[in-house]
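S.K.: Could you have a look at this structure, given as structure tokens, before my questions?
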Amino acid sequence: MERYADTDVAVRAYKKLKAELGRVPSSREFYKVYSKGELSLLFEGGRVFSQLQQLCGDSPNRFSSAKSSRHKILRQWGELARETLHAREQLPIQDDWRRAGIRPTVSGIQKSHGLKWSDVPHRFVEEFSGEAQWSDVVAAISPAGRNVAPKETPTAEECYVYLILDSRNRSHKIGMSRDPWKRERTLQSEEPKLTLVAAKKYVNRKIALAIEKALHNVYDHKKKRGEYFELDDEDLYELRRTLDDPVG
């Protein structure tokens, strides 16, 4: 993680991330590129991220204390949904929530707020359908709401683990998709310099997800952002041998 020395640089980091995302970043997204501990040293009192937002000219999210806990849970779900939609074109399942280490736990959400996991997408739409910041997540949720959460049991549908090259900076994305060629076209609509390099088919999503996670762990020390990694020739040789259905 890059380290910053003063408030001015923290502001620049916030504005840079905001420009990259095209919207106001969440605290969870910001703390992926900036140390929460360091930020707390730059501001007095609590709500340090809100103080940074104000310094950058953005209005911190404010809501009543009676609503805040439930509202916060739905925001956390939305942030996670944005990540899983980008990574594999699916809304998050309970295992995604657990792996991310988000609190409260899935069972805690139901105990304290009466929210079943399958109801969360529907409640998210009710809460955020009018906010432009969440339009991408809302659009990915069907009008039925309650029926959009993926099943927790592994699907028998075949799934691929793929490798995509970003020729602008030579970084590579290790991801998972039911259709990596469609995924390539979708990403190219946002970043034309992306090219599918290799893709290997697995018998179901459960196995593909395990392989993807294992590869992310192997190259974690070379992670650049999200699912993008700075890989050398030896790494690429290993990956092409692992994903031994080359496409280019």
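The values are calculated or read from the model by the stated rules, or taken from the named source; none is laboratory data. No experiment lies behind these values; they were computed from the predicted model shown. Counting neighbours? That spans all protein chains shown, and the Cβs are built from the backbone with ideal geometry, glycine included.
S.K.: Among GLY45, GLY78, which is modelled with pLDDT of 85 or more and either more than 14 Å from PHE128 (Cβ to Cβ) or surrounded by 19 or more Cβ atoms within 10 Å (Cβ to Cβ) (or both)?
M.R.: Just one listed residue meets the conditions, GLY78.
S.K.: Can TYR14 be described as outside any helix (DSSP H, G or I), at pLDDT 85 or above and not assigned by TED's automatic domain parsing to the domain that holds ILE73?
M.R.: no
S.K.: I'm trying to understand the selection: among the residues of the range 93-134, which are free of Cβ contacts under 8 Å to residues at least 24 places away in the same chain and under 22 Å from GLU227 (Cβ atoms)?
M.R.: ASP96, TRP97, ARG98, ARG99, ALA100, GLY101
S.K.: Let me ask you something else. Identify the single condition in (1) modelled with pLDDT of 85 or more; (2) within 18 Å of the chain's Cα centre (by Cα); (3) not in a helix (DSSP H, G or I) that VAL138 does not satisfy, given that it satisfies every other one.
M.R.: Among (1) modelled with pLDDT of 85 or more; (2) within 18 Å of the chain's Cα centre (by Cα); (3) not in a helix (DSSP H, G or I), the lone unmet condition for VAL138 is (3).
S.K.: Can you name the number of the only condition in (1) modelled with pLDDT of 85 or more; (2) in a helix (DSSP H, G or I); (3) exposed (fewer than 15 other Cβ atoms within 10 Å of the Cβ) that GLN51 fails?
M.R.: Failing condition for GLN51: (3).
S.K.: Can I ask one more? I'd like the full set of residues that are free of Cβ contacts under 8 Å to residues at least 12 places away in the same chain and basic (Lys, Arg), limited to the range 198-224.
M.R.: LYS213, LYS223
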